[in-house]
Structure formats: structure tokens, C-alpha cells
Amino acid sequence: MRIALFITCFNDTMFPDTGKAVVRLLERLGHTVDFPAGQACCGQMHFNTGYRREAKPMVGRFAEAFAGYEAVVTPSGSCAGMVRDYHKVLDPEVDPPPVYELSELLVDVLGVTDVGAYFPHRVTYHPTCHSLRMLRVGDKPLKLLRAVRGIDLVELPAAESCCGFGGTFALKNADTSDAMLADKMRHVQSTGAEVLTAGDNSCLMHIGGGLSRLRTGVGTRHLAEILAAQEGDA
Amino acid sequence: MPDNVTWLGTPAFPEAARTALGNNQLRTNLRKATGTIRDKRLAVTGELADWEQLRDAGAALKLRTLRHLDSHLVRLEEAVTKAGGTVHWAADAAEANRIVTELVRATGQTEVVKVKSMATAEIGLNEALAESGISAYETDLAELIVQLGDDRPSHILVPAIHRNRAEIREIFRGAMGEWGRAAPDDLTDEPRDLAEAARLHLREKFLRAKVAVSGANFAAADTGTVGVVESEGNGRMCLTLPETLITVMGIEKVLPSFADLEVFLQLLPRSSTGERMNPYTSMWTGTTEGDGPSDFHLVLLDNGRTATLGDEVGRQALGCIRCSACLNVCPVYERTGGHAYGSVYPGPIGAVLTPQLVGVADKQAASLPFASTLCGACYDACPVKINIPEVLVHLRARAVDEKRGPVPSPETLVMKAAAMTLSSPRRLGWAQRFGAIGGRLVSRGGRIGRLPGPLKRWSDTRDTPVPARESFRAWWQRTRGEGRS
Ligand code: SF4
């Protein structure tokens with residue numbers, strides 16, 4: 001299948017390895033990945049912060065960049081949710097192509113749960129709010145993780161509680177965000193995991209940033225990077 | 001104008017939250033209380049096979065009713081009048097307070113007993129009555145605790161959720177005597193003893209009261225039946241013993257027909273207290289000779305509701321049945337408690353209702369839609385499927401637009417610059433190259449530590465990775481060539 005990758009401006013800039021992992025994974029499964037160079041941002045930050053006027057041009061650009069694709073994949077639950085739920089609200093004229101978050105594409109569209117990955121680490125999974133409650137990905141990411149060889153997957157207590165990131169919320173309501181982050185970190189640490197994974201690097205940057213500041217020794221990895229990993233990888 | 005939709009002097013949410021977050025006792029009480037009630041709610045909503053259909057039915061009924069609110073209200077007025085009651089219309093808090101005060105004055109009484117009511121808290125009725133020399137006694141146990149403690153409610157269903165039993169004992173011992181029958185000297189903090197002290201204190205008031213004031217959970221337009229749902233039975237005392245009953249009800253509480261209660265009497269208790277059925281459901285239709293109050297007044301309150309109805313996205317907030325499920329599941333509310341919202345309506349519903357009732361020009365109210373991570377837990381829990389996240393982002397846009405003036409604020413400038421960059425792949429590419437260089441300059445060991453300026457609060461508690469030396473698009477271009485543009 002020919003699949004267009006929507007990298008998201010955030011991953012493009014901060015976490016290109018996640019994008020490379022998506023490409024590697026999908027090509028390994030026998031699919032063709034395109035990267036439409038006209039893509040930029042989905043407008044989520046502006047929309048969620050109340051700057052609709054500023055977000056609207058991004059909606060048009062998105063539809064243009066991905067026009068004609070049968071499937072678009074993105075390694076971000078919240079950006080997928082933005083396109084799916086709100087692009088039409090911002091601009092009723094546009095008709096965005098179907099956008100799938102990575103686990104949705106793999107399980108629902110491509111019909112795989114065992115992607116042939118190998119990741120010999122103790123891992124815990126945080127279901128991000130938008131993938132859980134906007135996209136309803138359910139246990140698809142867990143199905144994919146359970147099939148990874150070598151993995152020691154441990155359950156995260158109070159997994160469905162928000163981590164406190166919320167985009168500009170973390171700046172505007174920094175104290176409340178800190179309090180939520182503290183609880184999330186406590187739960188992550190209680191699992192004894194070496195790696196925390198999720199389907200969204202924004203939440204991971206927030207939780208991982210706190211874990212790093214406290215020198216907890218727990219790292220973060222996007223789901224795509226675990227699924228792309230294979231025996232022989234460094 | 002006494003008006004409690006927002007409490008004067010409460011700072012904007014971020015600042016009020018900071019104070020609340022530092023109160024460890026509050027944090028413990030809230031964690032325990034919200035945790036318990038969450039589990040109970042999940043258990044009793046999960047056991048109904050048709051729970052989702054019930055929610056759909058509730059949501060549809062509310063939206064349909066709101067669309068023809070005017071005609072339902074007129075029907076309600078006719079039915080109540082026919083059954084022997086009197087209907088009054090109040091455009092705002094001041095008018096509602098004036099109507100109630102005059103009605104009480106006409107009875108010659110200087111005391112009223114009260115059933116727990118959000119509407120009367122919203123208009124600041126107790127304070128308005130006090131100005132006219134009328135004492136209003138709260139009879140709901142939690143409201144009593146709040147009133148005796150000279151405090152504010154912090155939850156719509158459990159107004160004293162921020163207090164634990166040791167604190168309640170101190171409040172009872174300190175203040176009950178001033179308001180009526182004092183608490184015994186040897187009062188313990190056992191729930192049974194506390195309840196007994198409250199019972200004796202309140203019983204005296206019930207037996208003496210000639211006038212009661214209540215709110216209403218619903219009113220059926222076809223029969224004129226008004227209803228109150230509660231757990232303690234104190235409400236029923238107020239609704240049946242006095243001679244005069246004055247009910248203040250928000251206009252959105254009307255239902256087209258008595259039969260619609262079938263849906264809401266299932267949705268409400270399961271969502272609010274996690275019970276299959278609430279202990280007391282009191283209903284009355286006008287007046288009945290020799291049974292209950294002989295004089296009944298229904299005050300229909302607008303106070304910003306018609307304006308809210310005019311907002312196509314925001315109006316769904318008027319469908320709220322005040323179950324408080326959204327508060328109990330909210331990760332922000334769980335940590336800050338209700339006082340930080342500075343309004344009688346705290347939590348997610350408060351964050352969408354308060355700014356609509358008072359307008360987003362109010363700085364404190366305008367901060368409320370931003371007091372959310374948009375995690376969506378409230379929407380999942382709401383028995384009438386109010387899409388709270390959708391209304392939150394809608395109100396954020398209204399708040400931002402309200403502030404747009406000839407001179408853009410620093411935030412607007414940043415957002416405009418970001419929009420310029422993020423809407424063009426070329427400019428984004430430039431920014432990525434600059435960001436990678438800048439990031440490397442301030443980083444140590446591959447991580448960015450504390451930063452000055454607008455990112456200070458982010459970086460105070462979190463390390464940030466350095467922007468990649470080569471962005472994804474640069475990598476793609478280098479390894480795969482142009483691609484489609
Ligand atoms: S908004 Fe929904 S969940 Fe919240 S109190 Fe109202 S009815 Fe209950």
C-alpha cells in the first residue's frame with residue numbers, strides 16, 4: 001500500500017528518529033511511504049489555544065499537501081485527532097484525506113499486530129488522552145507491544161489519567177501541570193520500567209523531561225521506535 | 001448586585017490554583033473523595049446494558065428542549081398556575097433576589113430554611129436576604145458545614161468535599177451555637193456523632209420554619225410538576241413542613257413532559273453519587289389542600305442563560321443536570337479543588353458555564369476555559385454527553401478574540417509568528433536550522449536545562465531535548481530526494 005507520512009511539525013523538528021522509525025517499519029512490512037514535502041503543521045496548537053484565525057490557513061495547506069492519498073499515517077494521536085475532528089470545523093470547505101495514528105493504521109488498515117520487532121527492555125505504556133478519548137485507539141498499541149519479542153511489558157497504574165501536558169496548558173497552568181506530572185512520574189517509577197512509551201512525543205517530552213530532571217534513569221521512546229527495533233540494533 | 005456566579009476578588013485560575021495546590025490536606029481529601037466516587041460511578045453505570053442509549057436519549061432530550069425553550073416555559077407557567085402555584089420571571093440575579101425577598105417579607109417571617117440549591121447560590125440569595133434582615137438556614141449537611149464554616153462550596157454535589165471529619169467537628173463546635181442549637185461539648189469526629197449533632201440542630205429549624213426556599217432539578221411543562229432529588233431527606237422536610245415554598249429554578253431545567261423523567265432519574269443518581277436510585281425524590285404539583293405548603297411560588301431565572309442559548313456551540317452546557325461526574329473525573333479539579341475556579345460552578349462544567357453566564361470580558365472567567373488539558377475525561381463521563389472539550393476550545397477562541405485589539409499582546413505576537421512559520425514548509429525548514437543551532441548553544445549533555453523568558457516555567461521542572469541537528473524533512477531530502485510537493 002502507498003502511504004503518505006504526516007510527520008507533524010513537532011516530530012519533524014524535535015524527534016526525527018520517530019519519523020525514520022515509521023518509514024523503516026512500514027517499508028519492512030512491504031509498503032511504500034511518501035513524504036509530501038508541502039506539509040507543515042496541522043494547526044493544533046493555535047486551534048487549542050484559541051487562535052483560530054491563525055490556524056485556518058494551516059488546514060488548507062494540509063488538505064492540499066495530502067490531497068489524493070488513500071491513507072495518511074502520523075506518529076501523533078493528538079495531531080490525527082485534530083485533523084479528523086476539527087479541520088472541518090475550522091474550514092468547512094476542506095476535505096482532508098483519511099488520517100490514521102500509527103497503531104490504527106497497523107491494526108485496522110494493514111491488519112498486523114506482530115510487526116517482527118525485538119526490544120529486550122522493561123517497558124510501560126502511557127495511553128495519551130487524545131489517542132484514548134478522541135481517536136479511541138483502545139488497546140491497539142498494547143496488542144502491538146505484546147507481540148514484540150524480548151519485551152517485558154508492565155502495566156502502568158492509573159494509566160488513563162492525563163499526564164498534565166495539554167500543550168500550552170503546561171505554560172499557562174504550570175503549577176497544575178507540575179502536580180499532574182508528579183503523579184504520572186510516581187506511577188511510572190512504581191513499575192520499575194526502564195522505558196516509558198506512548199503514541200505521542202509531546203506527552204513523552206513532558207513526562208520524559210520531568211524524569212530526566214529528577215535523574216530517575218527512566219527513558220522515553222515513541223511506540224514507533226520500539227516497533228521498528230530489531231535484533232542487531234544498537 | 002449580589003451575584004455569586006463568580007466570586008469577586010478570586011484571582012485568575014492559574015494563580016488561585018497555585019494556592020490550592022500547596023494545601024496538602026485539601027489534596028488528600030480530594031484524592032480520596034474523587035477516587036471513591038469515580039469507582040462507584042463506574043460500577044453502577046457499567047452494569048446497565050443500555051447505559052449508552054440512555055445517555056443518547058438524555059442528550060437528545062436536552063438539546064431538543066433547549067431549541068424550543070420559550071414555548072416549554074410558557075406551558076410550564078400555565079400548568080403551575082392551574083395547579084395553584086404562582087410563577088415569577090427573573091431576568092437576572094438582582095431581580096430574582098428582589099422577588100424572593102418580597103415574597104418572604106409578605107409572610108412576615110424573618111427566617112427561611114433552604115434545600116440545597118445551585119441556583120440560589122448562583123444569585124447570592126442568602127446574602128441578599130441577610131441584607132433585608134432575613135436569616136436563611138442551609139439544611140443540606142454539606143451546605144450546613146460550608147455555612148457554619150463561613151466558607152465557599154467547592155463541589156456542586158458535595159460542597160464541603162474539601163473538609164475532613166476532624167475539621168467538621170471543629171466547625172460544629174465553634175459555630176453551631178451561634179446559629180441555633182449548639183453541638184454537645186463531647187462531640188467526637190465519628191460520622192455518626194457528627195450526623196446526630198447536625199440532625200438535632202436542624203430538627204429545631206424544620207419544626208419552626210414557616211417558609212422554605214429550594215432549587216429544582218427539573219420541572220415538567222405538561223403537568224407543572226417540580227422535583228428535587230436528594231440523599232438526606234432534609235430537603236423533603238423543607239419541601240413539606242413549611243406553609244410557603246419558594247423555588248428558584250434556572251430556565252434550562254424545564255422538561256417537555258413528566259414522562260421524560262424516566263431517562264433523567266436513571267442518569268442522575270448513577271452519575272452523581274454512584275447509586276442506582278437516589279434516596280429521596282420529592283415532587284409536587286402546585287398546591288394541595290391539607291398536604292404540604294399552601295402557598296407555592298416558582299421563580300424562573302435567566303441570569304445569562306438566554307445569552308448562552310444564542311451560542312450554537314456553547315449552548316449544550318445548558319443541558320447539564322448538575323450530576324458532578326465531570327468534576328470527579330477531572331484531573332485538574334482533583335488537584336486544585338473547586339475554590340480555584342472562583343465560582344459556584346467549579347470543575348469542567350464551571351469552566352464552560354461560568355464564562356458564558358458572565359461573559360469572557362471578565363478576566364477571571366476568561367481564564368477558566370484554559371484550566372484544562374483537553375484530556376476529554378469529562379466528556380466520557382457526562383450523562384448527557386456535553387462535549388466539554390469542544391466548548392472549552394470554542395470559548396478559548398472567544399476569549400482570544402475578545403482581547404484582540406489594535407495593539408497585539410505579547411502572546412498574540414508569539415502566536416502570529418509561530419503561525420507564519422508553521423504554515424509554510426520553507427519557513428519551517430529555516431526555523432528548524434536556527435532552532436538546532438540555538439538549542440545546541442544552550443544545552444548541556446544533550447539536554448536543555450533551565451531557560452529564561454516565557455519557557456521558564458516549563459524548564460523549571462523539565463529538561464528538554466535539543467532540537468535535532470537534521471530535521472526529518474532534511475533527512476528525507478538528503479536520502480530520498482525531492483518527493484512530491
Ligand atoms: S456537565 Fe455533564 S457531567 Fe458535568 S455536572 Fe453537568 S451533567 Fe454532570
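The values are calculated or read from the model by the stated rules, or taken from the named source; none is laboratory data. Here the structure is a predicted model, which means the values were calculated and not measured. Cβ: placed from backbone, ideal geometry, glycine included. Neighbour counts: every protein chain shown. Calculation scope for accessible area: heavy atoms of the full protein, side chains included, ligands and nucleic acids excluded. Shrake-Rupley method; radii C 1.70, N 1.55, O 1.52, S 1.80 Å.
Other residues whose C-beta falls under 15 angstrom from the C-beta of B:GLU402 contribute a net charge of +3, scoring Lys and Arg +1 and Asp and Glu -1.
As a length-normalised measure over Cα pairs under 8 Å and 6 or more apart, the relative contact order of segment A:32-180 settles at 19 percent.
Over 31 Å apart at the Cα level, from the set B:LYS253/B:LYS416; B:LYS32/B:LYS116; B:LYS210/B:LYS385; A:LYS20/A:LYS184, are B:LYS253/B:LYS416; B:LYS210/B:LYS385. Ignoring aspartates and glutamates fewer than eight residues from B:LYS62 along the same chain, the ones with Cα atoms less than 12 angstrom from its Cα are B:GLU252, B:ASP260.
Computed over the Cα atoms of the protein assembly as shown, what is the ratio Rg over Rh, Rh following Kirkwood? Mind showing how you got there, number by number?
Numbers: Rg = 28.0 Å, Rh = 27.5 Å.
Rounded to two decimals, Rg/Rh equals 1.02.
Kirkwood hydrodynamic radius of segment B:21-116, from the reciprocal of the average inverse Cα-Cα distance over all distinct pairs: 18.7 Å. Annotation: B:ARG31 carries an accessible surface of approximately 110 Å², with a 1.4 Å probe and no ligand, DNA or RNA atoms counted.
Backbone geometry of segment A:40-53 corresponds, through the Karplus equation with coefficients 6.51, -1.76 and 1.60 at θ = phi - 60°, to 3J(HN,Hα) couplings of 9, 10, 7, x, 4, 4, 5, 4, 5, 9, x, 9, 5, 4 Hz, x marking Gly and Pro.
Give, rounded to the nearest 20 debye, the magnitude of the charge dipole that the protein assembly as shown has about its Cα centre when Lys and Arg contribute +1 at Cβ and Asp and Glu contribute -1 at Cβ. Spell out each step's value before the answer.
Working: 82 positive and 84 negative charges, 579 e Å.
Here the size comes out at about 2780 debye.
Each Lys and Arg contributes +1 and each Asp and Glu -1, all at the Cβ; summed about the Cα centre of chain A, the dipole is approximately 320 debye. Largest to smallest in accessible area, the residues A:PHE10, B:PHE218 fall in the order A:PHE10, B:PHE218 (1.4 Å probe, all protein chains included). Shown are B:TYR379, B:TYR345, whose ranking by accessible area with a 1.4 Å probe and every protein chain present, most to least, is B:TYR379, B:TYR345. Of the residues A:GLY138, B:THR479, A:THR197, the one whose Cα sits farthest toward the positive end of the charge dipole of the protein assembly as shown, with +1 on the Cβ of Lys and Arg and -1 on the Cβ of Asp and Glu, is B:THR479.
For peptide B:15-21, compute the average count of partner chain beta-carbon atoms within 10 Å of each residue's beta-carbon. Present the calculation step by step, with values, prior to reporting the outcome.
On the way: counts 2, 0, 6, 6, 1, 3, 4.
Across the residues of B:15-21, the mean count of other-chain Cβ atoms within 10 Å is 3.
For segment A:99-111, putting each phi into the Karplus relation 6.51 cos²θ - 1.76 cosθ + 1.60 with θ = phi - 60° gives couplings of 10, 10, 6, 3, 5, 5, 4, 5, 7, 7, 8, 8, x Hz, in residue order, rounded to whole numbers and with x for Gly and Pro.
State, as an integer percentage, the relative contact order of chain B based on alpha-carbon contacts under 8 Å between residues 6 or more apart. Don't jump to the answer; show the numbers that get you there.
Details: 821 pairs, mean separation 97.1, N = 485.
Reported as a whole number, the value is 20 percent.
Return the loop-located GluC sites (Glu not before Pro) in segment A:193-234 (DSSP other than H, G, I, E, B) with at most 14 other Cβ atoms within 10 Å of their own Cβ; answer none if there are none. Spell out each step's value before the answer.
Details: sites: A:GLU194, A:GLU225, A:GLU231; in loops: A:GLU194, A:GLU231.
Those satisfying the criteria are A:GLU194, A:GLU231.
Pair-distance distribution of chain B: all C-alpha pairs, bin width 10 Å, starting at 0; shares per bin in whole percent are 4, 17, 27, 24, 13, 7, 5, 2, 0, 0. Counted by Cβ distance under 12 Å from A:GLU101, the other residues give a net charge of 0, where Lys and Arg count +1 and Asp and Glu count -1. For segment B:289-305, backbone phi angles converted through the Karplus equation (6.51, -1.76, 1.60; θ = phi - 60°) give residue-by-residue couplings of 4, x, 9, x, x, 8, 10, 10, 10, 10, 9, 8, 9, 8, 6, x, 6 Hz, Gly and Pro being listed as x.
Over segment B:160-262, the alpha carbon radius of gyration divided by the compact-protein estimate 2.2 N^0.38 Å works out to 1.35.
Since only B:ALA340, B:ALA91, B:MET237 are under comparison, the one whose Cα sits farthest along the positive direction of the charge dipole of the protein assembly as shown, derived from C-beta charges on Lys, Arg, Asp and Glu, is B:ALA340. Under a 5 Å amide H cut-off, with hydrogens placed 1.01 Å from N, B:HIS88 pairs with B:LEU298, B:VAL299, B:LEU300 among residues at least 5 apart or on other chains. Charged side chains reduced to their Cβ positions (Lys and Arg at +1, Asp and Glu at -1) give segment B:86-137 a dipole of some 180 debye around its Cα centre. Sorted largest first by accessible area at a 1.4 angstrom probe radius, with every protein chain in place, the residues A:HIS126, B:HIS394 fall in the order B:HIS394, A:HIS126.
Kindly work out what percent of the DSSP beta bridges joining two residues of chain B are antiparallel, to the nearest 5.
Values: 14 of 38 bridges.
In chain B, approximately 35 percent of DSSP beta bridges are antiparallel ones.
Note on B:HIS72: accessible area is roughly 20 Å² with a 1.4 Å probe, heavy atoms of protein only.
Computed from Cα atoms, the angle from the helix B:51-67 axis to the main principal axis of chain B rounds to 80 degrees. At the residue level, B:THR288 shows approximately 80 square angstrom of accessible surface with a 1.4 angstrom probe and all protein chains present.
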